[in-house]
Every structure is written in C-alpha cells, then in structure tokens.
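**Q** Right, I'll just put the structure down here and ask away after.
Every number in this text was worked out from the coordinates using simple rules, so none of it is lab data. Note that the coordinates shown come from a computational prediction; the quantities given were computed from them, not determined experimentally. Neighbour counts run over all protein chains shown; Cβ positions are idealised from the backbone, glycine included.
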Amino acid sequence: MDKTAKLARAALESDDSFRKGLEETLNSLGLTMQEFARKAGVSPSTLYKIANEDRSPSLDVLRRIVSAVREAEGLRAGNFIALIVTRQILDEVVERSIQIGDDTVRVREYPAMTVEDAIVAAIRAERDGALAVVCAPIVSPTIEKILNIPIATIIPKNSVTEAIKLAARKSRA
C-alpha cells in the first residue's frame, strides 16, 4: 500500500492515527515539517498543530496533504482513463480522449494478453495516476479488490467508448 493510501486510511480511523501516519510519512519521505508545509501549501503552524496537538485537519487541508504526499512519491494525478485490453481491441479504439462536461479526459492504453498482464497493468495505471480503469469482465472483479480508483467493465453489447465515458463519470463522483 502506498503512503497516500496509508495516510488516507489513518485519517479515516482517528486523529491520533492520522498524526502518527503523518509523522511516519514525513520521516519516510525525508522531509521536515517546514518543507512539507511548503509543498502542501499549508502554513507550518497549521501543520504543527495537526501533528502535535488535538487539531483535526479541515477537508481542504487534508486534500492538500494527501496531494503533496502523492507528488512527493512521484504519483501526480493524471487526467486520463486507463484502458486495459488486448492489442486487437486497442486497434479498434478510435477516440483517444473523451469530453465529459467541460473537461477532456485522455485515454491511455495498457495492452494485456493475459489476466496476469491485466492485473499488473491496472496496478501500473493506478501508480501512473489514472482516474479510473476500463477493462474486460474477466479481470474487473479482481482489479476492483486491488485498486482504489473506479473500475468500468466493458460489456460486449456496449462499445469500449461507452465504458470509457462511464469510467470518466465515476472518477468525477
């Protein structure tokens, strides 16, 4: 489990768990509280109060902290949907981006020939910062158990494009 997921899980458990998780995260990243506060766009005094006193972070501050941890780990969130299918299916996909409201979401291809390839590709896509994953029904139940991002399953009667649009809508929820 990456540092971001651990920190988010700790925040959901309790303030004390979050404080301990934040301290461990800063130590493992080799950052001082001052350096991390600057990266997160949070005042050092706010971060100090969260880390050393009984102060809960606001949702905005929590988002900034998690985002800064992701960036420090090299996991910048991308604006793309991962499409995990065989090369034959990828050759049929015409659209390389999807318009959802005012946003354009790119489609990044992850070819896979086996179930194992698909699982590895899904993990790689999440690490690359995918907003969601689109994959075949044979692997989607397994991938859903592993990833922390939305999964959309390609249903043969629907097009791959419709599955990508569904993934994009799920990622915005």
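**Q** Net charge within 14 Å of Arg172 by Cβ-Cβ distance, Lys/Arg positive one each and Asp/Glu negative one each, not counting Arg172 itself? List each step's numbers first, then the result.
**A** Values: positive: Lys165, Arg169, Lys170; negative: Asp102, Asp103.
Within the 14 Å Cβ shell, the charges total +1.
**Q** Here's a follow-up. Give, as a single signed number, the net charge of other residues whose beta carbon lies under 13 Å from the beta carbon of Ile138, with Lys and Arg counted +1 and Asp and Glu -1. If you can, show how the numbers build up before the last one.
**A** On the way: positive: none; negative: Glu116, Asp117, Glu144.
So the environment of Ile138 carries a net charge of -3.
**Q** Show which lysines lie in cross-link reach of Lys145 when reach means a straight Cα distance below 21 angstrom and same-chain residues fewer than eight apart are skipped.
**A** Lys3, Lys6, Lys170
**Q** Now for a separate question. What does the charge dipole of the chain about its Cα centre add up to, to the nearest 20 debye, if the Cβ of each Lys and Arg holds +1 and the Cβ of each Asp and Glu holds -1?
**A** Roughly 220 debye for the chain.
**Q** Can you tell which of Val133, Tyr110, Ala40 lies farthest toward the positive end of the dipole of the chain, using +1 and -1 charges on the Cβ of basic and acidic side chains (Lys, Arg; Asp, Glu)?
**A** Ala40
**Q** Gaussian network model of the chain, Cα springs within a sub-10 Å range: biggest mean-square fluctuation belongs to which of Arg96, Arg127, Arg108?
**A** Greatest mean-square fluctuation among the candidates belongs to Arg96.
**Q** Under a point spin-label approximation (7 Å from Cα along Cα-to-Cβ), what is the Gln99-Arg172 distance to one decimal in nm?
**A** 1.2 nm
**Q** Where the only charges are on Cβ atoms (+1 Lys, Arg; -1 Asp, Glu), what is the dipole of the stretch 3-72 about its Cα centre, to the nearest 20 debye? Walk me through the intermediate numbers first.
**A** Details: 12 positive and 10 negative charges, 53 e Å.
With Lys and Arg at +1 and Asp and Glu at -1, about 260 debye.
**Q** Moving on to the next point. Within a 10 angstrom radius of the beta carbon, how do Val61, Val85 rank from fewest other beta carbons to most? Please report the intermediate quantities before stating the final value.
**A** Working: Val61 18, Val85 24.
So the ranking, lowest neighbour count to highest, is Val61, Val85.
**Q** Ala132's amide H: which non-local residues (gap 5+, or another chain) put their own amide H closer than 5 Å, with H modeled 1.01 Å from N in plane and none for Pro or chain starts?
**A** Ala82
**Q** Quickly estimate the mean residue ellipticity at 222 nm for the chain, helices only: each DSSP H run with n ≥ 4 gives -39500 (n - 2.57), and the total goes over all residues, rounded to 500.
**A** About -17000 deg cm²/dmol.
**Q** So, one more: Using the beta-carbon distance between Tyr48 and Ala5 and R0 = 25 Å, what value does 1/(1 + (r/R0)^6) give for FRET efficiency, to the nearest 0.05?
**A** About 0.55, to the nearest 0.05.
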